[in-house]
Amino acid sequence: MAETNEYTPPKVWTWNKDSGGRFANINRPIAGPTQEKELQVGKHPLQLYSLATPNGVKVTVMLEELLAKGHTGAEYDAWIIPINVGEQFTSGFVKVNPNSKIPALLDRTNPEKPTRVFESGAILLYLAEKFGEFVPADPAKRAECYSWLLWQMGSGPFLGGGFGHFYAYAPTKIEYAIDRYAMEVKRQLHVLDLHLAENEYVAGDEYTIADMAIWPWYGALVKGALYEAAEFLSVHEYENVHRWTEQIAARPAAKRGRAVNRAWGDASGQLIERHDASDFDKLTLD
Ligand SMILES: N[C@@H](CCC(=O)N[C@@H](CS)C(=O)NCC(=O)O)C(=O)O
């Protein structure tokens, strides 16, 4: 192992603002707002404050799937929160998510008493319960759905905060960190691959919120869309994950959901803000 820089932690950690990492300008060890600024509110019952990162895409796919099923109460305004300039630390956003991370949802069905929901898994569960969709009715299948949903919520940070950070964003390549997280991410991909060899969808024979949570992360990873790590992680090995990824990617609602609040990549696949179903008309979603 080619480790060179030994580090002895001081007695008390202090904040080094110039750590040099990709997101050093927004990372900080304190919570709460940094500036007074209210959020915008549109005409629909659901107000989403988000960005098309994998965690954001989970929710826009769910909303588009609900609309595709005819749930007009799932109409939503999706506002973009550019996290690279710290919009997640405004007073308005912090009121909807005290954890200052996208996605955050405000349900204004009753405008006198709006309901806030933060954490992508909680938002998926909230919407599934509200509309009675995408969670199996059978208790055993539902248990499977919840298990995989929370598998993603627990595993994702090892992929994003662990592997993605040290492989793609850290200012120096640390062999120990990259090795540790590459091993874990490959293990996770194998867990998923073995499971999808026996199951059409994550929770069995039904497409559920568990697929919607896992697809934006592990589907993107095997397609080379995350951290430019496809070759490094030999993602071609996970054939069942590829089969499932393509199956979900073909769904029109998944294509629409992926485009919402996207501010990078091909311009024809970007819908910076979404306020109406017709907003998609100007995009090419394939
Ligand atoms: N566990 C949270 C994680 C959300 C999260 O990490 N969001 C990132 C973007 S994917 C974010 O907003 N980062 C901004 C920051 O950390 O300041 C969830 O699933 O909703």
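Okay, here's what the table says:
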read-out	value
Highest-fluctuation residue, GLY162, GLY56, GLY20 considered, GNM on the chain with Cα pairs under 10 Å	GLY20
In order through segment 238-243: 3J(HN,Hα) via Karplus (6.51 cos²θ - 1.76 cosθ + 1.60), integer Hz, x for Gly, Pro	9, 5, 6, 5, 4, 4
Mean Cβ neighbour count within 10 Å, used as a protection proxy, ranking 194-200, 81-87 highest first	81-87, 194-200
Spatially proximal lysines relative to LYS113 (Cα-Cα < 25 Å; intrachain offsets below 8 disregarded)	LYS37, LYS43, LYS95, LYS101, LYS130
Backbone HN-Hα couplings from phi across segment 164-176 [Karplus 6.51/-1.76/1.60, Hz, Gly and Pro as x]	x, 4, 6, 7, 10, 10, 5, x, 10, 8, 9, 4, 4
Relative contact order of segment 4-114, pairs being alpha-carbon contacts under 8 Å that are 6 or more residues apart, as %	35
Residues with amide H under 5 Å from that of TYR201, placed H, sequence gap 5 or more	GLU206
37 °C / 0.692 mPa s Stokes-Einstein diffusion coefficient of segment 180-286, Kirkwood radius on C-alpha pairs, µm²/s	220
Order of PHE23, PHE89, PHE166 under a 10 Å beta carbon neighbour criterion, fewest first	PHE23, PHE89, PHE166
Amide H within-cut-off set for LEU46, under 5 Å, with H built and near neighbours excluded	ASP77, ARG108
Residue-wise HN-Hα coupling along segment 73-84, computed from phi with Karplus coefficients 6.51, -1.76, 1.60 (Hz; x: Gly, Pro)	x, 8, 4, 8, 9, 10, 9, 8, 10, x, 6, 5
For segment 55-186: rounded, prolate or oblate by the Cα gyration tensor [a/c cutoff 1.5]	oblate
For MET153, MET183, MET62, order by how many other beta-carbon atoms lie within 10 Å, fewest first	MET183, MET153, MET62
Antiparallel content of DSSP bridges confined to the chain, in %, to 5	60
Sorted peptide list for 32-44, 92-104, criterion being average Cβ within 10 angstrom, highest first	92-104, 32-44
Relative pair counts by distance (%), Cα atoms of the chain, 10 Å bins	6, 26, 34, 24, 8, 1, 0
Helical mean residue ellipticity (222 nm; -39500 (n - 2.57) per DSSP H run of 4+; nearest 500) of the chain	-11000 deg cm²/dmol
Ellipsoid semi-axes in whole angstrom, largest first, where each is sqrt(5λ) of the Cα gyration tensor of segment 112-177	33, 18, 6
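Every number in this text was worked out from the coordinates using simple rules, so none of it is lab data. Quick caveat: nothing in here was measured; it's all calculated off a predicted structure. Using ideal geometry, Cβ is built from the backbone for each residue, glycine included, and neighbour counts are taken over all protein chains shown.
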